[in-house]
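**Q** Sharing a structure, written as structure tokens. Questions coming.
The values are calculated or read from the model by the stated rules, or taken from the named source; none is laboratory data. Nothing here was measured: the structure is a model prediction, and the numbers come from that model. Glycine also receives a Cβ, built like all others from the backbone with ideal geometry; neighbour counts cover every protein chain displayed. These area figures cover heavy atoms from the full protein model, side chains too; ligands, DNA and RNA do not enter into them. Shrake-Rupley method; radii C 1.70, N 1.55, O 1.52, S 1.80 Å.
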Amino acid sequence: EFDTSVQITGSKTETDVDEQIALVEQAIRDRPDAIVLAANDFDRLVPVAEKVRQSGIKLIIVDSGINSGVAHSSVATDNVIAGRKAGEAMREHISGNAKVAIISYVKNAASHIDREKGVRSILGGNAGLD
């Protein structure tokens with residue numbers, strides 16, 4: 001419909017940040033008009049994201065952001081609010097001094113960091129969080 005060629009690549013696992021960085025480096029060499037990135041790591045993808053921007057390629061961040069404002073556009077859930085809503089739902093089921101474990105899929109992903117921040121903002125004074 002938009003006369004666009006799309007190539008999709010990704011690391012074998014969400015925790016393989018080095019592979020994702022290598023894939024972005026390869027995409028820069030391939031010179032697409034835009035790169036859409038769901039970052040595996042909040043901090044480690046920043047240098048390569050800056051290379052994307054410096055190369056003149058549009059960078060669009062989706063789902064999980066990076067620790068930089070270098071992207072041309074971002075599309076994501078407000079994960080702090082999502083975490084607050086999860087915390088509020090948990091609070092309804094917790095009584096007394098409760099212990100809550102936060103388990104995530106990728107510890108350094110921005111979505112995890114923000115969701116944890118939201119949960120802690122609701123439960124921080126009301127429950128022990130691990």
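**Q** For region 54-97, which positions are crowded, with 16+ Cβ neighbours inside 10 Å and more than 15 Å from the chain's Cα centre (by Cα)?
**A** Ile57, Arg84, Ala86, Gly87, Met90, Arg91
**Q** Moving to a separate point now. Taking region 98-123, which residues are of a type in the set (Gly, Ala, Ser) and exposed (fewer than 12 other Cβ atoms within 10 Å of the Cβ)?
**A** Hit for region 98-123 is Ala101, nothing else.
**Q** Within region 20-53, which residues are within 18 Å of Ala71 (Cβ to Cβ), of a type in the set (A, V, I, L, M) and open to solvent by 30 Å² or more (accessible area, probe 1.4 Å)?
**A** Passing the criteria: Ile21, Leu23, Ala34, Val36, Ala38.
**Q** Have a look at Arg29, Arg91 and point out the one that is among the basic types (Lys, Arg) and under 30 Å from Phe2 (Cα atoms).
**A** Residue meeting the stated conditions: Arg29.
**Q** From the list Val6, Val17, exactly one residue is over 17 Å from Val106 (Cβ atoms), of a type in the set (A, V, I, L, M, F, W, C) and either open to solvent by less than 90 Å² (accessible area, probe 1.4 Å) or modelled with pLDDT under 95 (or both). Which is it?
**A** One residue alone meets the criteria, Val6.
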